[in-house]
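Some notes on the structure that comes next.
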Amino acid sequence: MGLFQEVDIEARKHKLDFLVIGGLAVIFHGYSRDTVDLDLLIRRNNRARWLELFSQMRYSIYKERAAFVQLSPPKAGAWPVDLMFVADPTFDPILAAGIPVEMFGASVKVPILEHLIALKLHALKHGHIERYLKDWLDVENLVRIHSLDMNSEKWKQLFLKYGTVEIYEKVSRLASD
């Protein structure tokens, strides 16, 4: 059994909700890029339960922050896992609108495009420099691939709420080229 199937089974068994985010969600939404890890969005109040689940799968904490944990796999060549923790008011609407997909033999959900871009914008606004380029390219390419109208009030407000004026203006300029 693969990692995705094991996570799906264990999460269901322990009644732990999650969504696949990051590169795999970006790929699902049409921007094909390399990714080498499994990124999960989970409820902040389930942090200890998720860390215990991955500990039982012999994963170890590589890097830990308040809202984010990176886990190293038990053996070389296996998928690393990143966990992003959010409060229920953030998690609930993303889960409710999530798109069910089959991924590597597992039934999972990915965020709708609007929520995925909001997560990426939040990462750009608050993230670390080592991730900036990857998240920037994800946003830019998702906007282009989906021909999003950056002049629409919907997208402008999303960018201003989760990102910055500068990010909105740069993406708007690039999308109009």
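The values are calculated or read from the model by the stated rules, or taken from the named source; none is laboratory data. Predicted, not measured: the structure shown is a model, and the values here were computed from it. Methodologically, a virtual Cβ is constructed for each residue, glycine included, from the backbone with ideal geometry; neighbour enumeration extends over all protein chains shown.
Screening ASN151, ASN141 for residues that are surrounded by fewer than 18 Cβ atoms within 10 Å (Cβ to Cβ), more than 23 Å from LYS15 (Cβ to Cβ) and in contact (Cβ under 8 Å) with a residue 60 or more places away in the chain leaves exactly one candidate, ASN141.
Sort through PRO74, PRO93 and tell me the only one that's without any contact (Cβ under 8 Å) to a residue 40 or more places away in the chain and within 22 Å of LYS154 (Cβ to Cβ). The match here is PRO93.
For the stretch 100-114, filtering for residues that are surrounded by fewer than 16 Cβ atoms within 10 Å (Cβ to Cβ) and farther than 17 Å from ARG12 by Cα leaves 1. The set of residues in the stretch 29-49 that are surrounded by 11 or more Cβ atoms within 10 Å (Cβ to Cβ) and of a type in the set (Asp, Glu) comprises ASP37, ASP39. If you go through the stretch 63-87 and keep only what is loosely packed, with under 13 Cβ neighbours inside 10 Å and of a type outside the set (A, V, I, L, M), you end up with LYS63, GLU64, ARG65, PRO74, LYS75, GLY77. Identification of helices (runs of 4 or more DSSP H) wholly contained in the stretch 1-117 with 3 or more residues that are more than 15 Å from the chain's Cα centre (by Cα) yields 3-13, 47-56, 88-97.
Residue-level analysis places LEU116 among those that are in the same structural domain as ASP135 (by TED's automatic domain parsing) and within 24 Å of LEU160 (Cβ to Cβ).
Kindly establish whether PRO74 is at pLDDT 95 or above and farther than 21 Å from LYS15 by Cα. So PRO74 fails the test.
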